[in-house]
Amino acid sequence: MQLAKDVKRALRLGKRVLKGRQAYFQLRQLVEERGRLPEQEFRIGVYFADSDVNIYQMRQWYAPLQQLSQEWPVLVLARNASGARQLMRESGLAVEFVQRVTEIERVIESQRLDVILYVNQNTRNFQMMRYGQRWHVFVNHGESDKMYMTSNQYQAYDFAFVAGDAARERLSRALWNYDVASRTMAIGRPQADHLAGAPPFTPDERTVVFYAPTWEGDRPAASYGSVASHGETLVRALIATGRHRVVYRPHPRSGVVDGEFGAANDRIIAMIEAANRADATAQHVYDTSPRIGWQLSLPDVAICDISAMVYDRLATGRPLMVTRPTAAEAAVDETGYLSVCEWLTAEETPDIAAVLDRVIGDRAARERLGTWSEHYFGDTAPGAPTRRFHAAISDLLARADAERAKRGHN
């Protein structure tokens, strides 16, 4: 038995090595085709140390960064070959592959890079943060009330771009000796200015339900995922009504830790495919598109787990439900929006059609959404978040200029 396990482990390792080598050679070809980047071109850097498994964390920043780069060119520093390859293929941004620390140093010598943005808390971030005379800024990859949003790792960065007042209050409660007023800048949600795209169906009289569960989590306190506890029952019930259209967008890491979670995800996908074969007018959607836009703004109601997706939908002010975790260990912060949200328990999922009818028609719930949207994101008028994002970058560049002038540096 042990021999069989060792063989399987060796095969998995071999596949990872082969995949890594393929990514490296394909990336090298992309770099050769592009050529060298101009020197002293970039003042804004984005650091991404992960593989393509976590590319979703960068994807939501593509559009805001593309727009930012029209004013200040943006350079992505990618540490992993598969991550760099994916970024070069789809981000629309300048990408430099810096696998080794010496390559980071080479880029620092050839580019000014006054501001470095970080979208996650990868431990390899510290290999970049060792370099001073620039601002290191945590921008995260979403806004939520997850425990991740109050990590003491915020203390490591010079500044953090946060969504709004709710984030500042959250950090003030959770962290000791952290000067929220001076070290955070509220920018709202710039991604909300880029909710574009057309759905892969023709809107009709069906009620469109966006179900966007998160993954199972890597520890008990973060077990917010509902695919296994809620998902199968609610999707089956909605398909059966004939008056709903399900847009199912699972987290890309679904099933990475828990095999049963992955199996439940597969069964939901199979349900959607079978329903579409049985009725061509149903047009249910298993959504794996790299960018998110219409999925947040178009559906009549959204069902999300405790994750950034809740708050992305909240910014639209449209009907929303949050799944109540079934795991007793899951840490739920009910001091913010979760204290007044529309919860969906696993026990309610068989009656999901009636539950959604109530939520969609609840005028008081809509008013609460508007109030809490402002609390989390500030001004959500079109263009306002982008202006705040650019203003924050401009402020940091001016501070960098002042620091360099004070020290006699160019």
Of everything in region 192-244 that's in contact with an Asp or Glu (Cβ under 7 Å, 6 or more places away or on another chain) and assigned to a helix (DSSP H, G or I), which residue is least open to solvent (accessible area, probe 1.4 Å)? Ala221
Going by the structure shown, is Pro350 open to solvent by 20 Å² or more (accessible area, probe 1.4 Å), out of contact with any strand residue (DSSP E or B) (no Cβ under 9 Å at 6 or more places or on another chain), touching a residue at least 24 places away in the same chain (Cβ under 8 Å) and part of a loop (DSSP other than H, G, I, E, B)? no
Scope region 274-291; condition surrounded by fewer than 16 Cβ atoms within 10 Å (Cβ to Cβ) and not in a helix (DSSP H, G or I); matching residues: Asp279, Ala280, Thr281, Thr288, Ser289, Pro290
For region 138-154, which residues satisfy the criterion of being open to solvent by less than 50 Å² (accessible area, probe 1.4 Å) and touching a Phe, Trp or Tyr at 6+ places or on another chain (Cβ under 9 Å)? Phe138, Val139, Asn140, His141, Gly142, Glu143, Ser144, Asp145, Lys146, Tyr154
Which residues, counting only those in region 144-199, are polar (S, T, N, Q) and within 23 Å of Glu334 (Cα to Cα)? Ser144, Thr150, Ser151, Asn152, Gln153, Ser172, Thr184
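Residue by residue through region 251-273, note down the ones that are open to solvent by 40 Å² or more (accessible area, probe 1.4 Å) and either touching a Gly at 6+ places or on another chain (Cβ under 9 Å) or modelled with pLDDT of 95 or more (or both).
Hits for region 251-273 are Val256, Val257, Asp258, Asp266, Arg267, Ala270, Glu273.
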Looking for something within 23 Å of the chain's Cα centre (by Cα), aromatic (Phe, Trp, Tyr) and open to solvent by less than 10 Å² (accessible area, probe 1.4 Å) - is there at least one such residue anywhere in region 302-323? yes
I'd like the full set of residues that are part of a loop (DSSP other than H, G, I, E, B) and of a type in the set (Ser, Thr, Tyr), limited to region 306-332. Ser307, Thr316, Thr326
Let me spell it out: the conditions are (1) open to solvent by 40 Å² or more (accessible area, probe 1.4 Å); (2) under 28 Å from the mean Cα position of the chain (by Cα); (3) in contact (Cβ under 8 Å) with a residue 24 or more places away in the chain, and Arg387 meets all of them except one. Which number is the exception? (3)
Across (1) open to solvent by less than 70 Å² (accessible area, probe 1.4 Å); (2) over 29 Å from Gly225 (Cβ atoms); (3) free of Cβ contacts under 8 Å to residues at least 60 places away in the same chain, Ala405 clears everything bar (1)
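The values are calculated or read from the model by the stated rules, or taken from the named source; none is laboratory data. Here the structure is a predicted model, which is why all the values come from computation and not from measurement. For neighbour counting, all protein chains shown are included, and Cβ atoms are generated from backbone atoms with ideal geometry for every residue, glycine included. When the accessible area is computed, the model is the full protein with side chains, heavy atoms only, and any ligands, DNA or RNA have been set aside. Shrake-Rupley method; radii C 1.70, N 1.55, O 1.52, S 1.80 Å.
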